[in-house]
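**Student:** This is the structure I have questions about; it appears just below.
The values are calculated or read from the model by the stated rules, or taken from the named source; none is laboratory data. Quick caveat, the model's predicted, so the values are computed rather than measured. Glycine also receives a Cβ, built like all others from the backbone with ideal geometry; neighbour counts cover every protein chain displayed.
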């Protein structure tokens with residue numbers, strides 16, 4: 001009962017935050033998206049922020065020599081994005097490879113191998129943050145000047161895609177989607193930076209360090225030396241969570257008491273992790289002048305989210321089987337549920353909530369170790385990643401959602417026997433084809449590498465746990481890479497040339513190919529006429545659309561992966577262990 | 001924009017971003033974070049002027065006169081972190097838990113009392129500073145024998161150091177083992 005009240009309070013806070021973030025983000029890109037609605041009266045005060053922000057932005061634009069009024073078509077937009085991310089990639093690669101000769105390395109850590117530097121640079125430019133290393137092997141220079149930087153810029157890149165895509169829907173027979181650099185910089189300066197700063201201060205107040213001292217050596221009361229690694233943790237933790245990044249400062253990620261010190265910090269991080277991608281979906285509704293449509297979309301995703309959460313929480317409140325099997329008349333009090341790999345302060349419920357939040361938003365930070373979950377518990381995170389269309393990443397989440405919507409509208413069109421239309425735009429074979437290709441890309445990028453890994457010696461050697469879980473480890477890693485999620489089953493010994501190249505490649509393709517396809521769709525839509533709504537138009541603001549959309553997502557997103565999941569966690573669950 | 005102009009803009013933007021996000025942002029945070037005194041620098045606890053640990057980082061207590069922490073595959077070496085990631089179906093986990101619960105049984109003689117599950121499972125960070133209150137009460141009768149402190153004193157120490165759920169709703173109640181042991185030491189002196 002108490003748990004249900006706790007969840008209700010949590011979701012109430014979440015919806016409030018989505019409302020605030022959503023209205024705010026919608027306001028930021030009001031002009032860039034040709035928004036059809038305004039700030040609600042009670043939030044009008046936000047407009048006062050415009051002048052100081054504009055002052056800073058104008059200085060940045062003139063330094064960069066960018067003409068704010070010069071807009072780009074979809075090709076130019078994609079081109080600027082790719083070049084910007086490419087330059088960032090080269091910079092990150094060099095920092096990781098040569099951190100040994102760079103400053104701010106008080107512990108004299110070594111540079112990464114070329115393959116690990118390739119994987120790590122790919123993962124951070126693409127907002128994936130899959131880590132084939134423990135955070136403790138990075139110098140402060142790498143943490144601040146590579147990881148921290150990329151966390152802002154990759155989230156900004158994702159965020160900048162949302163207004164451009166929306167513009168494609170709002171335009172009528174024109175080609176300009178906006179200016180990539182303007183959208184990027186506005187998102188960084190107005191949303192990601194100030195919100196991160198506030199969250200980071202809150203984290204410091206809870207005990208997350210922001211310190212540059214390397215290690216603190218203490219002498220314990222038992223006379224043992226303990227070296228305690230500190231660092232500028234709080235600042236990175238804030239943008240890591242807000243920007244759906246997820247790469248931990250420490251190997252233990254958000255389970256580490258310095259990253260996530262208290263229950264309060266856990267609640268705050270969990271809230272902003274969900275709110276930032278969800279708010280963009282809400283903002284989309286505002287831009288197109290149909291707030292209700294945004295609410296319906298969030299609602300549809302929320303139904304699936306709750307289902308997955310229920311499966312996982314119910315699984316994790318059960319005892320861990322390894323504990324149940326203890327013999328020799330030791331009686332164990334298992335009322336806390338499965339505590340292997342979980343922190344005392346969070347317990348099973350908050351750990352399960354986080355696990356589903358982090359996988360359904362492509363965040364990837366963990367506050368408990370998914371590898372030690374009960375088989376039933378691990379099904380939820382698996383499915384949340386497989387669908388890759390729940391709230392998903394900042395900005396790109398909206399684009400992935402739209403991809404599913406086109407399929408959904410197409411199927412609905414077939415069912416009612418009318419030409420499919422979405423928000424007045426005719427959805428034709430070109431758009432549906434591209435959308436289908438984007439959706440099929442994920443199984444290709446997940447299942448092919450998985451099969452290569454499980455039939456090769458080098459792939460199999462990395463497996464940490466025996467049996468079905470071993471297969472789950474590999475499958476999870478491939479999902480995490482291709483879906484740009486970054487969450488880890490963690491057991492897999494993945495720092496090898498084989499996994500670094502395989503995952504690194506999948507990460508890059510999983511990020512940039514869908515962006516290419518989605519901008520192309522935006523370009524097509526932008527050229528079309530907007531048709532007036534008639535009685536035959538599919539209504540997107542009612543409950544039947546919600547049901548239809550949930551159905552399409554479960555059938556397409558979930559069932560593609562059923563066979564693979566059946567060999568992993570489901571087989572383990574049914575077999576009762578080994 | 002041409003390729004060249006795009007590259008120049010990208011490089012300039014990355015340089016500017018380094019200044020904003022990698023230098024000003026963390027330094028400003030570090031500065032303002034000083035408002036929270038020791039919290040920004042690792043919540044270090046001092047005893048007689050000497051650093052004995054961090055409030056947030058668990059320690060491995062082996063002496064018979066202290067409360068013990070949860071098992072840790074890295075022995076609470078805080079220069080690293082992260083559990084052993086053993087799956088529920090892994091025989092290694094079953095063996096480890098069987099061995100740990102046997103040790104607990106021999107040391108604490110639970111009789112028909114239940115062993116709290118957190119004393120035989122590893123945390124995610126392997127640096128968990130807390131145990132459940134039940135896990136602390138479980139150790140009381142043994143510590144009465146070892147230290148000679150009365151049961152009621154130990155119970156009230158645990159009660160004092162029990163942190164409850166947030167708003168009575170979120171998370172789990174817990175006891176900070178290092179702080180509890182420091183308090184226990186004070187009683188001993």
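**Student:** If residue A:466 passes every condition in (1) under 25 Å from the mean Cα position of the chain (by Cα); (2) not in a helix (DSSP H, G or I) but one, which one does it miss?
**Tutor:** Of (1) under 25 Å from the mean Cα position of the chain (by Cα); (2) not in a helix (DSSP H, G or I), only one is false for residue A:466: (1).
**Student:** Quick one: in region A:312-331, which of the residues that are facing chain B (nearest Cβ under 9 Å) and at pLDDT 90 or above is surrounded by the fewest Cβ atoms within 10 Å (Cβ to Cβ)?
**Tutor:** Looking at the filtered set, the residue picked out is A:319.
**Student:** Here is a follow-up. Could you identify the single residue in A:406, A:382 that is in a helix (DSSP H, G or I), in contact (Cβ under 8 Å) with a residue 24 or more places away in the chain, touching a strand residue (DSSP E or B) at 6+ places or on another chain (Cβ under 9 Å) and surrounded by 20 or more Cβ atoms within 10 Å (Cβ to Cβ)?
**Tutor:** A:406
**Student:** Can you give me the number of residues within region A:337-364 that are outside any helix (DSSP H, G or I) and more than 9 Å from chain B (Cβ to nearest Cβ)?
**Tutor:** Going through region A:337-364 one residue at a time, the tally reaches 4.
Condition check ((1) part of a helix (DSSP H, G or I); (2) touching a helix residue (DSSP H, G or I) at 6+ places or on another chain (Cβ under 7 Å)) across all residues:
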position: B:110; (1), (2): no, no
position: B:118; (1), (2): yes, yes
position: B:122; (1), (2): no, no
position: B:125; (1), (2): no, yes
position: B:136; (1), (2): yes, yes
position: B:143; (1), (2): yes, yes
position: B:154; (1), (2): yes, yes
position: B:157; (1), (2): yes, yes
position: B:180; (1), (2): yes, yes
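**Student:** Still on this structure: Taking into account only those residues within region B:90-119 that are buried (at least 24 other Cβ atoms within 10 Å of the Cβ) and at the interface with chain A (Cβ under 7 Å from one of its Cβ atoms), which is nearest to residue A:229 (Cα to Cα)?
**Tutor:** Applying the filter and picking the extreme gives B:118.
**Student:** Continuing with the same structure: Across region B:43-63, which residue is nearest to the other protein chains (Cβ to nearest Cβ) among those that are farther than 23 Å from residue B:132 by Cα and without any contact (Cβ under 8 Å) to a residue 60 or more places away in the chain?
**Tutor:** Out of the qualifying residues, it is B:51.
**Student:** Still on this structure, I have one more. Is one or more of the residues making up region B:161-173 surrounded by 13 or more Cβ atoms within 10 Å (Cβ to Cβ), in contact with a helix residue (DSSP H, G or I) (Cβ under 6 Å, 6 or more places away or on another chain) and either in a helix (DSSP H, G or I) or away from chain A (no Cβ under 11 Å) (or both)?
**Tutor:** Yes, there is a match, as at least one residue in region B:161-173 is surrounded by 13 or more Cβ atoms within 10 Å (Cβ to Cβ), in contact with a helix residue (DSSP H, G or I) (Cβ under 6 Å, 6 or more places away or on another chain) and either in a helix (DSSP H, G or I) or away from chain A (no Cβ under 11 Å) (or both).
**Student:** If you go through region B:64-78 one residue at a time, do you hit one that is assigned to a loop (DSSP other than H, G, I, E, B), free of Cβ contacts under 8 Å to residues at least 12 places away in the same chain and within 8 Å of chain A (Cβ to nearest Cβ)?
**Tutor:** Yes, region B:64-78 contains a residue that is assigned to a loop (DSSP other than H, G, I, E, B), free of Cβ contacts under 8 Å to residues at least 12 places away in the same chain and within 8 Å of chain A (Cβ to nearest Cβ).
**Student:** Would you be able to tell me the number of residues in region A:409-452 that are surrounded by 16 or more Cβ atoms within 10 Å (Cβ to Cβ), without any contact (Cβ under 8 Å) to a residue 60 or more places away in the chain and out of contact with any helix residue (DSSP H, G or I) (no Cβ under 9 Å at 6 or more places or on another chain)?
**Tutor:** 0
**Student:** Considering only residues that are over 20 Å from residue A:231 (Cβ atoms) and touching a helix residue (DSSP H, G or I) at 6+ places or on another chain (Cβ under 8 Å), which ones fall in region B:60-79?
**Tutor:** Hits for region B:60-79 are B:61, B:64, B:65, B:66, B:67, B:68, B:69, B:70, B:71.
**Student:** A follow-up question, please. Please list, ordered by first then second residue, the pairs with beta carbon atoms under 6 Å, 6 or more apart or interchain, first in region B:124-148 and without any contact (Cβ under 8 Å) to a residue 12 or more places away in the chain, second assigned to a helix (DSSP H, G or I).
**Tutor:** B:144/B:151
**Student:** Pull up region B:174-189, narrow it to residues that are in contact with a strand residue (DSSP E or B) (Cβ under 7 Å, 6 or more places away or on another chain) and within 15 Å of residue B:135 (Cα to Cα), then point me to the one that is nearest to the other protein chains (Cβ to nearest Cβ).
**Tutor:** Among residues in region B:174-189 that are in contact with a strand residue (DSSP E or B) (Cβ under 7 Å, 6 or more places away or on another chain) and within 15 Å of residue B:135 (Cα to Cα), the one nearest to the other protein chains (Cβ to nearest Cβ) is B:174.
**Student:** For region A:26-43, indicate whether the set of residues that are on the phi > 0 side of the Ramachandran plot, surrounded by 15 or more Cβ atoms within 10 Å (Cβ to Cβ) and touching a helix residue (DSSP H, G or I) at 6+ places or on another chain (Cβ under 7 Å) is non-empty.
**Tutor:** Yes, that holds for at least one residue.
**Student:** Can you report the number of residues in region A:269-295 which are within 14 Å of another protein chain (Cβ to nearest Cβ) and surrounded by 22 or more Cβ atoms within 10 Å (Cβ to Cβ)?
**Tutor:** So the answer is 2.
**Student:** Then there is this: Specify which of the listed residues (A:547, A:474) is surrounded by 14 or more Cβ atoms within 10 Å (Cβ to Cβ) and in a helix (DSSP H, G or I).
**Tutor:** Result: A:474 is the single residue among A:547, A:474 that is surrounded by 14 or more Cβ atoms within 10 Å (Cβ to Cβ) and in a helix (DSSP H, G or I).
**Student:** Go through B:82, B:30 for me and flag whichever is surrounded by 15 or more Cβ atoms within 10 Å (Cβ to Cβ), in a helix (DSSP H, G or I), at pLDDT below 95 and touching a helix residue (DSSP H, G or I) at 6+ places or on another chain (Cβ under 9 Å).
**Tutor:** The unique qualifying residue is B:30.
**Student:** For region A:409-441, how many residues are assigned to a helix (DSSP H, G or I) and in contact with a strand residue (DSSP E or B) (Cβ under 7 Å, 6 or more places away or on another chain)?
**Tutor:** So the count comes out to 1.
**Student:** Condition test on residue B:84, is it under 25 Å from residue A:211 (Cα atoms) and more than 7 Å from chain A (Cβ to nearest Cβ)?
**Tutor:** No, not satisfied.
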